[in-house]
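Novice: Below is one structure. I have some questions about it.
The values are calculated or read from the model by the stated rules, or taken from the named source; none is laboratory data. Note that the coordinates shown come from a computational prediction; the quantities given were computed from them, not determined experimentally. FYI the Cβ positions are ideal-geometry reconstructions off the backbone, even for glycines, and counts take in every protein chain you see. Just so you know, the surface numbers come from the protein's heavy atoms only, side chains and all, with ligands and any DNA or RNA stripped out. Shrake-Rupley method; radii C 1.70, N 1.55, O 1.52, S 1.80 Å.
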Amino acid sequence: KATMKSLRFISAEAFVSNAEFARKSLGGVAHNLFPLLFKASYLLEQGEVIHDLVENWPLVDFNMGKLLGTTVDYQEDLSHRTCSVCLESCLTGLRDYVLNHPSPYVKRLKVVDLTGIKDVEVQFCECKKTMGRWARTQLLSKLCLELLVYLQQTQCNPGAFEISVDVLIDLFVTERNYEVVMQALLKKCCCPLKICCVSFRSDNLDLQKFFYIIKLTDPSSLRKLEIVHNVRLEMEHLEILFNSIHFPLLMSLTLPARTFNVQRFTATEEQMLTNIGEKMGEMTQLTELSMPFSILTGRIQKLLSPLKTPLKMLDVSNCSLNHADIAYLANSFHVNHLEALDLSGHKILDLYPSIFFKLLSHSSSVLRSLTLEDCNIQDTHVNMLILGLSPCQKLQEFKFLGNPLSSQALKDLFTFLCELPMLKNVEFPVPRDCYPIGITYPIDDASLCRFDHQKYESVAEDLNLILLQANREDVKASTPLFGSYDAAVQETNNELGAYLIKSFKETLEKFTTSLNKMS
């Protein structure tokens, strides 16, 4: 649906649509019109105009989220358009802001905030080329280094060195852009554009490099830390990290798979776990914790009870939790605050139905997102599930891929889901009766796509019809076979693939060597 534009916005579009005229006329534009012209240029993808607007930015701050978000003149939020043309023009404009103009006195810009940009799956920009978080990290770092080289080589205006602009950004570092980001962070004090890391994600990175670069990011102001794929961080490394670096403002922590494995715990490791829990307790802002695919059987209380602030988001998917763990969660002070919970990979309705009920009823007043993938939820559990979800009137998202449910059970469930007023997104499994008879769950990747696609389409149509008849066109229902969209993985999947092949090759070589020794 078309969004209304004010007369001012329509005039701004007309002004920027002739790039040559707009660029010549910027000198005579009132300062308070720059934000309006910026949004209009962004909508029309007028890269040259965007560049010149940023290069001549007359205001104290430049906040991408606010500039592109809902405004009085044009309600549509453009912050999820990660258009390559627009973002590159923005960043090069920022570099030229420092380099150009003889007088430092008109330069008022102090803070540039790039953290409001949202990476989404479907892009609406004309050029269809996106610049994700990794590429933004790379380009900003490169421009900072180029700026330093240029300032040192040329007899440029000495006023350029007096400029100091904090650039707030969500950094994303992998092996491939490590060098340029590390150099830019090392030289931050000399550069007029100061990279300020608000959130840090690292994938495919050697542990030593991770430890080195995380210290350069100024951890004392870090809000979010994500250590996700192929960073071999184990419990002892996590203890070293928390002992050597303080994260007083950290609100969100994501740890890689297999950080913890209590199956091979010694007394030393039990103590380590206690220390890690205590260190997390010192992070008084921490409200989001994600530690999927660790083995934490019987240790959830040890890890979470020292926390002073209740968690709003908890991901303990595939963590081999037992009755005591689920019981702790259901009775802990976190439960009344949990807005997002992922318990995937646990047979909770099979093994701990009453505790699960308690957990849902205690969190029902705030729970917005629930993920129960691969939980062995069967047709016999559907009524129980409906009963458990009934009080969750704030639920916006429910994901339950990988469960052995029939077409009929899904229809019954969808009929109930229509009654949840805030629901927006549902991820449902391919019905069990679309797979060959005798399929076992959890389904391995090789068999995942071997189902009757025609039958699935027919069931999906029926489910959408149920939503339609209940006037719930606002609910998006889908079956992303290989899990939800992850913008970061999407952007770096070539590097991720190469890394996996490399580690597989190394494992094979080790195996061959030990075989040769044996023979």
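Novice: Using only Cα atoms, locate the centre of the range 237-268 and the centre of the range 138-152, then give the distance between them in Å, rounded to an integer.
Specialist: 34
Novice: Here is a further query. With a cap of 13 neighbouring Cβ atoms within 10 Å, and only residues DSSP puts in a loop, list the GluC sites (Glu not before Pro) found in the range 93-193.
Specialist: Values: sites: 121, 126, 146, 162, 175, 179; in loops: 121, 126, 175.
In loop regions of the range 93-193 (DSSP not H, G, I, E or B), the sparsely surrounded GluC sites (Glu not before Pro) are 121, 126.
Novice: Counting only protein heavy atoms, what percent of the accessible surface of the chain is carbon or sulfur at a 1.4 Å probe? If you can, show how the numbers build up before the last one.
Specialist: Working: 13390 of 24400 Å².
Reported share for carbon and sulfur atoms: 55 percent.
Novice: Any chance you could run the full-extension gain for residue 347 through residue 282? It's 0.36 nm times the residue separation minus the Cα-Cα distance, nm to one decimal.
Specialist: Between residue 347 and residue 282, full extension yields an extra 20.1 nm.
Novice: Could you point to the residue in 46, 57, 32 farthest towards the positive end of the range 13-73's charge dipole, with +1 and -1 charges on the Cβ of Lys/Arg and Asp/Glu respectively?
Specialist: Among 46, 57, 32, the one farthest towards the positive end of the dipole of the range 13-73 is 32.
Novice: Taking the dipole about the Cα centre of the chain, with the C-beta of Lys and Arg at +1 and of Asp and Glu at -1, give me whichever of 190, 301, 466 is farthest to the positive side.
Specialist: 190
Novice: Projected onto the charge dipole of the range 106-260 (+1 at Lys/Arg Cβ, -1 at Asp/Glu Cβ, origin at the Cα centre), which of 140, 171, 251 gives the Cα projection farthest towards the positive end?
Specialist: It is 140, whose Cα lies furthest towards the positive end.
Novice: Here's something else I'd like to know. For the range 201-241, what is the accessible area per residue in Å², given a 1.4 Å probe and the full set of protein chains?
Specialist: Accessible area per residue, the range 201-241: 40 Å².
Novice: I would also like to ask the following. So how many Lys-Lys pairs in the range 165-304 land under 21 Å Cα to Cα, not counting same-chain pairs under 8 apart?
Specialist: So the count of such lysine pairs works out to 12.
Novice: Specify the angular offset, from 0 to 90 degrees and rounded to the nearest 10, of the alpha carbon long axis of helix 34-43 from the longest principal axis of the alpha carbons in the chain.
Specialist: The angle comes out near 60 degrees.
Novice: Restricting to DSSP H runs of at least four residues, report the calculated mean residue ellipticity at 222 nm for the chain, -39500 (n - 2.57) per run over all residues, nearest 500 deg cm²/dmol.
Specialist: Per the formula, -13000 deg cm²/dmol.
Novice: Which value, in Å², gives the accessible area per residue of the range 17-75 when a 1.4 Å probe is used on the protein heavy atoms?
Specialist: Dividing the accessible area of the range 17-75 by its residue count gives 43 Å².
Novice: Oh, and also: Quick one: what are the phi-derived ³J(HN,Hα) couplings along the range 248-263, Karplus 6.51/-1.76/1.60 with θ = phi - 60°, whole Hz, x for glycine and proline?
Specialist: Each residue of the range 248-263 in turn: x, 9, 4, 10, 9, 10, 10, 10, x, 4, 6, 5, 10, 8, 6, 5 Hz.
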